[in-house]
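The values are calculated or read from the model by the stated rules, or taken from the named source; none is laboratory data. Since we're looking at a predicted model, the values are computed, not measured. Neighbour counts run over all protein chains shown; Cβ positions are idealised from the backbone, glycine included. With ligands, DNA and RNA removed, areas are computed over all heavy atoms of the protein, side chains included. Shrake-Rupley method; radii C 1.70, N 1.55, O 1.52, S 1.80 Å.
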Amino acid sequence: MPPKRVRLFRRVLRDKFAVTGMLILLLIAFLAAFASWLAPYDPELLFVGERAEGLSGDHWLGTDHLGRDVASRLIFGAQVAVRVALQVVGITLAIAVPIGLFSGFIGGRLDVVAMRTMDAIHSVPTLMLALVFAASFNLSFNWGLFGISLAFVPTMSRLVRAQTLAVREETFIEASVSIGTPMRRILIKRVLPNAASPIIVQSSIYVGGAILLEASLSILGIGVPPGSAAWGSMLEEAFQSIYTDTANVVIPGAAIAIAVLAANLLGDGLRDALGLDAGHRYGARTRMGLTLAPGGERGRETDATQATAPADTAPLLDVRGLTVEVRTEHGLFPVVEDVSFELRHGEVLGLVGESGSGKTVTSLSLMRLLPSPPFRVASGRVLFEGDDLLQRSIHQMRAIRGRDIAMIFQDPMAALNPSMQMGHQIAEAVRLHRNVRRAAAQKRAVEMLDRVGIPDARARARSFPHEFSGGMRQRAMIAMALSCSPKVLIADEPTTALDVTIQAQILELLAELREEFGLSIIFVTHDLGVVADFCDRVLVMYAGQIVEQAEIHRLFEHPSHPYSDALLAAMPRLTDRDKELVTIPGSVPTIESFPSGCRFHPRCRLAVEECAAGAVSLVEVGDSVSRCIRTDELIRVRAAGPDSQGITADGP
């Protein structure tokens with residue numbers, strides 16, 4: 001993979017507007033650097049008798065009211081524009097970055113004093129501040145630029161402070177402090193690199209602002225020395241004869257406008273490339289709702305078996321051929337491919353696999369919670385009670401989410417609003433989907449908190465999430481998800497962050513609620529022990545594909561895919577204390593490096609050349625379904641016992 005800077009540059013090059021802005025700024029810098037060679041005349045040379053003449057072979061852009069060559073003055077004026085941009089942005093960063101870093105990291109009185117000072121400076125208009133400094137030092141142009149820089153400091157310092165406040169709470173900062181790292185090094189090596197992206201974007205915007213404000217100072221008579229070649233002074237001088245020589249106003253004005261526009265275009269491109277506004281990177285507004293790609297399967301018609309199946313035997317959720325793609329800087333790649341399964345009434349369906357296998361993307365796709373772009377559905381359908389969710393509008397999906405299909409997330413602290421009382425958050429979900437008054441919704445919230453086992457539910461409903469323990473927060477998340485009695489519950493690793501005792505309690509609670517509410521559950525996890533205790537059927541995913549689907553007992557007794565067998569072999573057992581822990585070599589490939597053929601074959605000890613030859617389809621193997629051409633060999637190896645040569649042994 002190329003270095004980070006190279007990847008950033010490539011992302012910028014994909015944005016045609018950013019490239020346009022960058023080329024214009026490079027052209028201005030080139031003119032400034034080589035003005036003495038590029039300009040046809042000395043910018044102060046007077047052509048007597050050729051005053052205010054139009055375009056000619058000798059004077060490409062004509063002459064001004066004193067007879068000076070406009071093209072030469074425009075080229076030399078680029079030097080002032082570059083100097084102004086570098087000087088203003090440099091001074092701004094030199095003052096604002098340290099203030100923002102120290103204010104955000106240290107806090108306390110320093111933060112209060114610094115921010116109130118910034119408020120005071122920000123209350124003074126930029127031009128007025130520049131005029132004050134220039135007038136205080138004999139109308140000095142440099143002090144005028146310092147005034148402009150000082151006016152930019154409050155916004156930049158607040159930006160750096162905001163980034164610092166967020167970064168200082170990270171665990172790696174706490175770890176650095178714990179080993180005695182000096183604060184200066186933490187700020188420079190830890191905090192500043194994480195705040196660099198918005199600083200770069202804001203600086204590019206200030207380039208255009210500085211050039212524009214320099215022109216304003218020149219018009220007010222506080223620019224470069226009279227007669228000097230600068231776009232602002234050219235504009236100021238041209239105003240004296242605006243009614244007789246309009247061209248000399250348009251030319252420097254256009255140069256200033258183009259330079260400002262170029263800086264803003266480059267700033268927008270950097271913002272997108274650095275990930276600060278990912279939706280615009282793909283030419284569209286990001287929407288929280290996965291959509292079908294143009295030309296993708298619409299799935300408006302159900303097949304004959306579904307159309308004629310009795311209501312009590314038809315699956316509650318029927319996913320067929322779901323393929324989800326994501327656009328990255330290197331192109332469009334499938335992150336979930338040809339996923340098909342059914343969820344029956346009252347069933348708990350386990351979705352297992354290593355991190356990066358596509359479990360969470362699949363579960364979020366069912367509720368259309370992935371942002372589009374960059375994600376999109378290339379093909380497939382998601383039928384809920386016969387209705388294709390991929391055909392529903394965003395408004396219709398809002399009515400389905402929470403009411404018919406609910407979701408529990410892995411980290412409740414991140415999923416809950418830290419500024420709202422727990423009872424109000426649950427009551428909000430009730431009021432969104434039920435036509436009830438506030439008091440009735442609050443009563444329902446207390447009932448659900450009590451039902452999930454939170455003691456003194458009425459009082460705890462007035463508590464905030466940080467006042468709950470990890471297990472209680474997860475119980476509260478379950479209460480919120482079930483407050484509107486949904487038919488399907490998607491649990492995305494709801495017990496991973498909990499200790500084993502609380503984990504067992506949460507699983508027991510879910511089992512009770514399943515019976516009470518008649519829930520159908522999709523349980524996403526990487527813990528096969530949890531799957532064995534809780535699920536009826538299991539889907540094993542690897543690299544965006546389902547590689548095995550089986551009843552729970554069938555999977556544990558007779559796995560039909562080497563990956564499933566490897567996961568089972570890697571489970572620690574109390575009876576195998578004297579044996580070395582089994583691991584699966586390698587790791588799940590990224591979406592940009594999926595291997596050909598069977599995606600597990602680079603890590604599989606049963607792999608042969610045919611495994612990489614072509615795509616492998618799902619085939620029925622007894623009561624299960626497997627995506628493997630060597631299932632018979634796996635069965636033979638397992639039948640030979642643990643000492644045989646197979647995936648659970650030392651070699652193929």
Scope region 404-415; condition among the hydrophobic types (A, V, I, L, M, F, W, C) and surrounded by 22 or more Cβ atoms within 10 Å (Cβ to Cβ); matching residues: 405, 406, 407, 408
Breaking point among (1) surrounded by 15 or more Cβ atoms within 10 Å (Cβ to Cβ); (2) touching a helix residue (DSSP H, G or I) at 6+ places or on another chain (Cβ under 7 Å); (3) at pLDDT below 80; (4) under 30 Å from residue 46 (Cα atoms), for residue 176: (4)
Top-ranked residue in region 380-399 [being in contact (Cβ under 8 Å) with a residue 24 or more places away in the chain and over 29 Å from residue 328 (Cα atoms); ranked as least open to solvent (accessible area, probe 1.4 Å)]: 384
Condition met for residue 130 (of a type in the set (Gly, Ala, Ser) and open to solvent by 20 Å² or more (accessible area, probe 1.4 Å)): no
Residue list for region 78-127, restricted to those being among the polar types (S, T, N, Q), open to solvent by less than 60 Å² (accessible area, probe 1.4 Å) and closer than 30 Å to residue 38 by Cα: 87
Residues that are out of contact with any helix residue (DSSP H, G or I) (no Cβ under 6 Å at 6 or more places or on another chain) and either within 30 Å of residue 105 (Cβ to Cβ) or of a type in the set (D, E, K, R) (or both), drawn from region 203-221: 209
Qualifying residues in region 320-338 (those that are of a type in the set (Val, Ile, Thr) and either surrounded by fewer than 23 Cβ atoms within 10 Å (Cβ to Cβ) or out of contact with any strand residue (DSSP E or B) (no Cβ under 8 Å at 6 or more places or on another chain) (or both)) - the one modelled with the lowest pLDDT: 328
Given (1) touching a Gly at 6+ places or on another chain (Cβ under 9 Å); (2) buried (at least 19 other Cβ atoms within 10 Å of the Cβ); (3) closer than 14 Å to residue 630 by Cα, index of the condition residue 610 fails: (2)
Selection count where residues are outside any loop (DSSP other than H, G, I, E, B), among the acidic types (Asp, Glu) and open to solvent by 20 Å² or more (accessible area, probe 1.4 Å), scope region 530-572: 3
Residue 555 vs. criteria in contact (Cβ under 8 Å) with a residue 24 or more places away in the chain and more than 18 Å from residue 340 (Cβ to Cβ): no
Residue in region 356-379 that is open to solvent by less than 10 Å² (accessible area, probe 1.4 Å) and without any contact (Cβ under 8 Å) to a residue 60 or more places away in the chain present: no
Condition broken by residue 183, with the remaining ones in (1) of a type in the set (A, V, I, L, M); (2) farther than 16 Å from residue 89 by Cβ; (3) open to solvent by less than 60 Å² (accessible area, probe 1.4 Å); (4) touching a Phe, Trp or Tyr at 6+ places or on another chain (Cβ under 8 Å) satisfied: (3)
